[in-house]
Structures are given as structure tokens and as C-alpha cells.
């Protein structure tokens, strides 16, 4: 999740404490409370920008922690898939380990002659090692290779 910082600007000008009564005459308002028991934190561009920075820093920390956690969970293996030369449909492959949930699969670049727009989409099946799982393939143009080495990421 990304956080979009806002830059707060101070209001600048002349006569910023002047207001107009409904009748049209201008008045200047000065703060004149009977009793101040605590000054409070001023609402200023400096304070608001500090708040924005701290929020942005924490979003960065949380996103880095999540990425680190996910990186520790995701496992990778390679398989060779027999993909028809053209067309689209489902092909099967064997799940690598018990309880694996496939999160991504893609052809290993440089190990095939020409994938011609090959797209592979796992169906996010979860099961036991050796069980067949299925993925959707789409190959809009005729390819050269049918046995495609692929990397599978799973958790």
C-alpha cells in the first residue's frame, strides 16, 4: 500500500485576520481568550509536513516488513510444461509440495526460442504433492517450442 504525502503550505498575505460583517464593514479579529490552560500545538505547515513525513516513513517501514515476510514465505521451483504451439486452454502440471498454493508461473526467458506472447495463469489450486493442478495458457501466435521451462512461485 502506498501513501501519498501532501505538502502543507502556510497561508501568506496581508490582513489575514480581517473579516467583513454582513453589513459590509471590515473588522480585524484578535485572539483574546479569558483563560488559556494549555497552549496546544499550533496548526502550521511545519507541523503538518512533519506529520506527513512520519506517516510516510511508517508506511515505508510496514511495506518493507511485509515484503520481507512474503519473501521468506514464497518458494520457487522450475517445471517444464508442454504447451501447444498455438491457441488457448488449460494445461496440467504437478504441484511441487503438499499444500502448495501457486501464486505465479512464468516462462524462463532465454530458455525458449520464441514464446510469441505466451501467457500462463495459475488457477490458484491448493493440494498435495504430485496432485495435478491446472493453468490457463494463451498463445496468440504460433510458437516454436512446446516444452517450456517455467518458474513457479508458491507458498
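A convex hull fitted around the alpha carbon atoms of the stretch 12-73 yields 170 Å³ per residue.
Multiplying the sequence separation of residue 12 and residue 54 by 0.36 nm and subtracting their Cα-Cα distance, what value in nm do you get? Could you put the intermediate results ahead of the total?
Values: separation 42, 0.36 × 42 = 15.12 nm, distance 2.52 nm.
That pair, residue 12 and residue 54, stretches by 12.6 nm at full extension.
Once the C-beta distance of residue 37 and residue 3 is scaled by a Förster radius of 35 Å, the resulting FRET efficiency is 0.50 to the nearest 0.05.
When both the stretch 37-97 and the stretch 1-31 are represented by their alpha-carbon centers, they are found 39 Å apart.
Rule-based calculations on the coordinates, nothing more; no lab input. This one's a predicted model, so the numbers in the text were calculated from it and none came from an experiment. So basically every Cβ, Gly included, is an ideal-geometry build from the backbone, and we count neighbours across all protein chains shown.
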